[in-house]
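Asker: Supplied in structure tokens, the structure appears directly below.
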Amino acid sequence: MNVTLAVKQYVSKMIESSGPGMKVLLMDKETTSIVSVVYTQSEILQKEVYLFERIDSQNRENMKHLKAICFLRPTKENVEHLIQELRRPKYSVYFIYFSNVISKSEVKALAEADEQEVVAEVQQIITKEYELFDFRKTEVPPLLLILDRSDDAITPLLNQWTYQAMVHEMLGLNNNRIDLSRVPGISKDLREVVLSADSDEFYANNMYLNFGEIGSNIKNLMEDFQKKKPKGQQKLESIADMKAFVDNYPQFKKMSGTVSKHVTVVGELSRLVSERQLMEVSEVEQELACQNDHSSAHQNVRRLLQNPRVSELDAVRLVMLYALRYERHSSSNLPGLMEDLNRKGVSERYRRMVHSMVEYGGKRVRGSDLITPTDAVAITKQFFKGLKGVENVYAQHQPLLHETLDQLIKGRLKDSQFPYLGPSTLRDR
């Protein structure tokens with residue numbers, strides 16, 4: 001199920017139910033984030049929503065020509081704000097939608113506050129959309145697989161090398177927005193950019209590709225942009241030329257913004273990869289996760305801990321991976337690595353996390369065969385060429401989930417690790 005599309009459809013239903021005419025969308029902090037993820041401003045403007053306001057804002061003006069669509073969580077604070085709103089309505093009519101169940105007493109309080117009878121509708125989305133939780137009947141009934149994160153504590157510790165994952169990990173992606181205000185020399189209009197697969201074709205096509213391929217595709221995007229870019233005034237010699245330019249200008253402007261955005265994002269990722277020595281760090285991470293040469297791994301971890309360009313977080317994650325991988329190895333030297341962290345100036349809070357990670361995902365608590373005493377079979381290092389400085393991206397490691405799902409499909413999951421509850425045996429299914 002596409003959750004983004006489902007939420008978008010819910011919001012569309014709210015807007016369409018209010019009928020034609022100019023509208024204001026009245027939201028709280030959380031529902032504002034929800035709507036901003038599923039709709040761009042230009043898209044929602046096409047649905048005659050011209051104003052976006054917070055229910056807790058004290059400086060809203062009276063606009064009786066607007067219809068108000070209220071999309072709120074049913075919290076006590078929101079209900080109280082809505083009661084005050086209905087006692088002194090700023091808009092002509094109100095369509096109220098709650099994201100969850102609201103009590104009868106609160107509905108009564110809203111009704112009593114609506115002395116001017118401006119409320120046209122009150123609905124609870126979750127109770128209306130009960131079909132969301134109705135699984136379609138299929139020949140093979142759906143199967144629920146319950147997992148424990150502690151079974152694989154290694155995967156979250158590894159640096160990732162696909163576009164979306166790198167943006168999340170290194171820049172931060174919040175409600176499809178990236179804060180680039182700290183990027184050296186960033187222009188004002190690129191201090192915050194939006195990455196959404198719904199409205200950005202380049203991102204949709206490249207979000208799961210590795211970083212090396214992104215570099216090549218960025219180059220192709222730039223070349224395509226250069227071909228379509230108007231060259232001076234040579235094409236604007238007639239009215240027909242001018243009309244053609246104006247007709248194509250929105251598409252050109254959108255492409256220009258896409259190029260600027262992705263060149264900036266990929267450029268910053270490349271800078272951070274170089275600054276934090278992430279290629280070297282990642283190579284050792286992959287060695288720890290996939291191979292079984294303790295002497296080599298220990299030597300490489302110590303070498304990186306002595307590198308001043310390796311960040312505090314990357315250093316701690318390397319030691320965490322070592323601790324998990326060689327937890328019961330006869331030659332394990334975790335105390336020595338912990339002392340290296342201390343000499344590097346890593347905070348006590350971060351150092352304590354190493355032992356916390358072993359307690360959380362170590363051998364004692366794992367129910368899976370996450371780490372075996374033999375080398376991984378048929379491991380092939382994948383080499384990718386792309387941006388300068390990122391010639392090799394290691395992708396040896398496969399999450400435990402990949403193997404678990406493969407065994408599930410083949411009916412080979414161990415009953416001792418995955419007890420099955422159902423009318424027939426798991427193997428029969």
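Asker: Is it true that G172 is on the phi > 0 side of the Ramachandran plot, modelled with pLDDT of 90 or more and surrounded by fewer than 17 Cβ atoms within 10 Å (Cβ to Cβ)?
Answerer: Details: on the phi > 0 side of the Ramachandran plot: yes; modelled with pLDDT of 90 or more: yes; surrounded by fewer than 17 Cβ atoms within 10 Å (Cβ to Cβ): yes.
Here the answer is yes, as G172 does meet what is asked.
Asker: Before we move on, is I102 farther than 25 Å from D198 by Cβ, modelled with pLDDT under 95 and open to solvent by 10 Å² or more (accessible area, probe 1.4 Å)?
Answerer: Judged against the criteria, I102 is a match.
Asker: Related question: Mind counting the residues in region 189-202 that are outside any loop (DSSP other than H, G, I, E, B) and over 13 Å from the mean Cα position of the chain (by Cα)?
Answerer: Total satisfying the criteria: 6.
Asker: Something else about it: Could you tell me how many of the residues in region 60-94 are open to solvent by 20 Å² or more (accessible area, probe 1.4 Å) and not basic (K, R)?
Answerer: Here the count works out to 12.
Asker: Can you find a residue in region 117-124 that is among the acidic types (D, E), surrounded by fewer than 16 Cβ atoms within 10 Å (Cβ to Cβ), modelled with pLDDT of 85 or more and under 27 Å from G21 (Cα atoms)?
Answerer: Yes, there is a match, as at least one residue in region 117-124 is among the acidic types (D, E), surrounded by fewer than 16 Cβ atoms within 10 Å (Cβ to Cβ), modelled with pLDDT of 85 or more and under 27 Å from G21 (Cα atoms).
Asker: Does L132 meet the test of being open to solvent by less than 80 Å² (accessible area, probe 1.4 Å), at pLDDT below 85 and not in a loop (DSSP other than H, G, I, E, B)?
Answerer: yes
Asker: Oh, and also: How about region 256-285: which of its residues are open to solvent by 10 Å² or more (accessible area, probe 1.4 Å) and either acidic (D, E) or more than 15 Å from M222 (Cβ to Cβ) (or both)?
Answerer: E268, R271, L272, S274, E275, R276, Q277, M279, E280, E283
Asker: Now a separate question. Is it true that some residue in region 291-300 is among the hydrophobic types (A, V, I, L, M, F, W, C) and closer than 28 Å to Y203 by Cβ?
Answerer: No - not one qualifying residue is present in region 291-300.
Asker: Just to be sure, is V281 modelled with pLDDT of 95 or more and outside any helix (DSSP H, G or I)? Can you show your working first?
Answerer: Working: modelled with pLDDT of 95 or more: yes; outside any helix (DSSP H, G or I): no.
Considered against the rule, which asks whether it is modelled with pLDDT of 95 or more and outside any helix (DSSP H, G or I), V281 comes out as no.
Asker: Taking strands (runs of 3 or more DSSP E) that do not extend beyond region 1-112, which have at least 1 residues that are among the basic types (K, R)?
Answerer: Qualifying strands (runs of 3 or more DSSP E): 23-27, 49-54, 67-72.
Asker: Please go through region 312-333 and give me each residue that is open to solvent by 30 Å² or more (accessible area, probe 1.4 Å) and within 18 Å of R352 (Cβ to Cβ), ordered by number.
Answerer: E312, L313, E327
Asker: In region 11-54, what residues are aromatic (F, W, Y) and more than 21 Å from L82 (Cα to Cα)?
Answerer: Selection gives Y39 alone.
Asker: Sticking with this one: Going by the conditions given, is A297 open to solvent by 10 Å² or more (accessible area, probe 1.4 Å) and in a helix (DSSP H, G or I)?
Answerer: Criteria not met by A297.
The values are calculated or read from the model by the stated rules, or taken from the named source; none is laboratory data. A quick note: this is a predicted structure, and the numbers were derived from the prediction, not measured. Backbone-built Cβ (ideal geometry, glycine too); neighbour counts: all protein chains shown. For accessibility, only protein heavy atoms count, side chains too; no ligands or nucleic acids. Shrake-Rupley method; radii C 1.70, N 1.55, O 1.52, S 1.80 Å.
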